[in-house]
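Single-structure report; data block below.
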Amino acid sequence: MTDQLIKLYAGLTDAERGKMAYAYLLHGNDLERKRIESTLPNQHFVGFPTAYRRMYLALTNLTLIYAVAYWQQVTHCQAFMASAMALLHDDDPEAHLPMVERLKAAEGVLL
């Protein structure tokens with residue numbers, strides 16, 4: 001362990017290393033994630049320490065939940081937009097306005 005960063009990572013708790021490894025995963029920095037993992041002792045029954053794995057997986061699952069909620073909201077926006085566009089061809093010139101209002105509200109949730 002001659003690398004100074006590895007020495008710094010070794011001083012962190014497993015949960016802290018899990019958070020940092022997750023952040024590096026998001027930024028695509030595989031080198032730093034591997035450095036962090038090199039400081040973890042291997043457990044004979046699973047692999048990395050439980051606190052590290054729990055934190056890493058919990059943050060990954062949180063990202064997946066956010067992604068599902070985000071794309072569900074995008075789908076709502078697209079549905080309201082399509083409805084408003086379809087109602088533009090209605091005989092009533094203001095038939096599309098309720099859908100436009102719903103679209104604005106759904107976009108506000110995204111912002």
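The values are calculated or read from the model by the stated rules, or taken from the named source; none is laboratory data. It should be emphasised that the depicted structure is a prediction, and the values quoted were computed from it without experimental measurement. When we count neighbours, we look across all protein chains shown, and the Cβ atoms used for this are built from the backbone with ideal geometry, even at glycine. Surface areas here come from the heavy atoms of the whole protein model, side chains and all, with no ligands, DNA or RNA. Shrake-Rupley method; radii C 1.70, N 1.55, O 1.52, S 1.80 Å.
Out of ALA79, ALA69, report the one residue that is under 27 Å from LEU25 (Cα atoms), among the aliphatic types (A, V, I, L, M) and without any contact (Cβ under 8 Å) to a residue 24 or more places away in the chain.
ALA69
What number of residues within segment 77-106 satisfy the criterion of being assigned to a helix (DSSP H, G or I) and either open to solvent by less than 80 Å² (accessible area, probe 1.4 Å) or on the phi > 0 side of the Ramachandran plot (or both)? Give the derivation first.
Just the residues of segment 77-106 that are assigned to a helix (DSSP H, G or I), to begin with: 77-87, 97-106.
Imposing the further condition that a residue be either open to solvent by less than 80 Å² (accessible area, probe 1.4 Å) or on the phi > 0 side of the Ramachandran plot (or both) reduces the set to 77, 79-80, 82-84, 86-87, 97-100, 103, 105-106.
Of the residues in segment 77-106, 15 are assigned to a helix (DSSP H, G or I) and either open to solvent by less than 80 Å² (accessible area, probe 1.4 Å) or on the phi > 0 side of the Ramachandran plot (or both).
Regarding segment 4-17, can at least one residue be identified that is exposed (fewer than 10 other Cβ atoms within 10 Å of the Cβ), over 29 Å from LEU111 (Cβ atoms) and not hydroxyl-bearing (Ser, Thr, Tyr)?
Within segment 4-17, one or more residues are exposed (fewer than 10 other Cβ atoms within 10 Å of the Cβ), over 29 Å from LEU111 (Cβ atoms) and not hydroxyl-bearing (Ser, Thr, Tyr).
Is segment 16-37 home to any residue that is touching a residue at least 40 places away in the same chain (Cβ under 8 Å) and under 18 Å from ARG53 (Cβ atoms)?
Within segment 16-37, one or more residues are touching a residue at least 40 places away in the same chain (Cβ under 8 Å) and under 18 Å from ARG53 (Cβ atoms).
I need a count of the residues in segment 26-69 that are assigned to a helix (DSSP H, G or I), open to solvent by 60 Å² or more (accessible area, probe 1.4 Å) and over 19 Å from LEU12 (Cβ atoms).
The number of residues fulfilling the criteria is 6.
Evaluate the following for ALA23: is it open to solvent by less than 100 Å² (accessible area, probe 1.4 Å), farther than 22 Å from ALA10 by Cβ and modelled with pLDDT of 90 or more?
Here the answer is no, as ALA23 does not meet what is asked.
Would you pick out the residues in segment 36-73 that are aromatic (Phe, Trp, Tyr) and in contact with a Phe, Trp or Tyr (Cβ under 6 Å, 6 or more places away or on another chain)?
Residue satisfying the conditions is TYR56 alone.
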